[in-house]
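Undergrad: My structure is below; once you've seen it, I'll send some questions.
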Amino acid sequence: MDTILEVTNLSKSFGGVHAVKSFSCQIREGIIHSIIGPNGAGKTTIFNLISGQLRPHSGSIRLRGQELVGKPPNVIASSGIGRTFQTLRLFKNLTVWENVFVAYKTKQGLSLWRMALASGRDDGRDTEADATISDILGLLQLNDRRRIMAKNLSYGDQRRLEIARALAVKPSVLLLDEPTCGMNPQEAKDMIATIDRIRARGSTIVLVEHNMRVVMSVSQHITVVDFGAVIAEGTPEEVKNSETVIQAYLGGRKC
């Protein structure tokens, strides 16, 4: 498989603390690649660097050979990086359809004000948008909830809506930050099925996740970080049996 996202020697410090230290990894196209590590290992900071929320002190991030470092988040999103956040960032007073519509139109460079003036809500006026959004909502099993306010959804459905919004920008690479955070076992099981369906469509997924059952169930490749640096990588089986990884999780430190 070809490499779609290449991260090389990425470093970021906060007040002298190395949050990310010479981090490198290659993400192959069409797979689920997980980044795991103990709390404070730098996983979410890596996502923030890739998606442009933070700028690295050094290093390179290339999507299909195109350098992303230094570009603002909206340009990086338009280039093909979609992401979710550990903390939900939905428009709680908009419907499911409207939430995804906003993300879809953002891909086209429209401001929220221009979208409001366009009034492209779920009324059939924007057939191209509706077809795309209906397809995404079908994939996430949310079509029957399209007219429900986001604030009235169950927690699991809100998590899926967050992913639907990320898919609306048609990303080449989808970054999922703790998608099962706060879920009960059944919701986590449903999320595994959701992630598998997305990958089956040909998406490349980079996953940060604390639930090792989820990681081992869906991943084809895993990179393990501790104190901001890579300490191991390989298949789920190789990582599970790595003495270095086992040591990193000792002493009550959990992913």
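Undergrad: Can you tell me the Rg and Dmax of the chain, counting just the alpha carbons, in angstroms?
TA: When restricted to the Cα atoms of the chain, Rg and Dmax are 18.3, 58 Å.
Undergrad: Using amide H atoms built in the peptide plane, which far-off residues or other-chain residues are under 5 Å from Thr204 H to H?
TA: Sorted by chain and number, the residues that satisfy this are Gly30, Leu174.
Undergrad: Could you give each residue of the stretch 38-50 its phi-based ³J(HN,Hα) in whole Hz, using Karplus coefficients 6.51, -1.76, 1.60 with θ = phi - 60°, and x for Gly or Pro?
TA: x, 3, x, 6, x, 5, 5, 4, 4, 4, 5, 6, 5
Undergrad: Please give the per residue accessible area of the chain, computed with a probe of 1.4 Å over protein heavy atoms only, in Å².
TA: Ligands and nucleic acids excluded, the figure is 46 Å² per residue.
Undergrad: Give the long-range amide H neighbours of Asp226: residues separated by 5 or more places, or on another chain, with amide H under 5 Å away, using H modelled in the peptide plane at 1.01 Å from N.
TA: Ile231
Undergrad: Okay, moving on. Could you rank the peptides 72-85, 92-105 by their average count of other C-beta atoms within 10 Å per residue, with the highest value first?
TA: In descending order of packing, they fall as 92-105, 72-85.
Undergrad: For the stretch 158-207 and the stretch 1-45, what is the separation of their Cα centres, given in Å?
TA: So the two Cα centres are separated by 19 Å.
Undergrad: Another question, if that's okay. Below 19 Å, Cα to Cα, which lysines can Lys240 reach? Residues fewer than 8 away in the same chain don't count.
TA: Hits, sequence-local ones excluded: Lys43, Lys254.
Undergrad: Okay, moving on. Only Cα pairs within less than 10 Å get springs; with that Gaussian network setup on the chain, which residue of Leu174, Leu137, Leu90 has the largest fluctuation?
TA: Result: Leu90 has the largest fluctuation of those listed.
Undergrad: When only C-alpha pairs under 8 Å and at least 6 residues apart count, what is the relative contact order of the chain, in percent?
TA: 28 percent
Undergrad: Loop only per DSSP, at most 12 neighbouring Cβ atoms within 10 Å: give me the trypsin sites (Lys or Arg not before Pro) in the stretch 146-237, ordered by residue number.
TA: Listed in order of number, the matching sites are Arg147, Arg201.
Undergrad: Please list, in order along the stretch 190-205, the HN-Hα scalar couplings obtained from phi with the Karplus expression 6.51 cos²θ - 1.76 cosθ + 1.60 (θ = phi - 60°), rounded to whole Hz, x for Gly and Pro.
TA: 5, 5, 4, 5, 5, 4, 4, 5, 5, 5, 4, 6, x, 6, 9, 10
Undergrad: Under a 5 Å amide H to amide H cut-off, with H placed in plane at 1.01 Å, what residues pair with Ser24 once short-range neighbours are removed?
TA: Asn9, Leu10, Val230
Undergrad: What does the charge count near Val173 come to, summing +1 for each Lys or Arg and -1 for each Asp or Glu among other residues with Cβ under 14 Å from its Cβ? Each step should come with its number before you reach the end.
TA: On the way: positive: Arg28, Arg62, Arg64, Arg83, Lys170, Arg199, Arg201; negative: Asp2, Glu6, Glu29, Asp177.
Residues near Val173 contribute +3 overall.
The values are calculated or read from the model by the stated rules, or taken from the named source; none is laboratory data. Keep in mind the model is a prediction, meaning the values are calculated, not measured. We place every Cβ from the backbone using ideal geometry, glycine too, and count neighbours over all the protein chains shown. Surface accessibility is based on the protein's heavy atoms, side chains included, excluding ligands, DNA and RNA. Shrake-Rupley method; radii C 1.70, N 1.55, O 1.52, S 1.80 Å.
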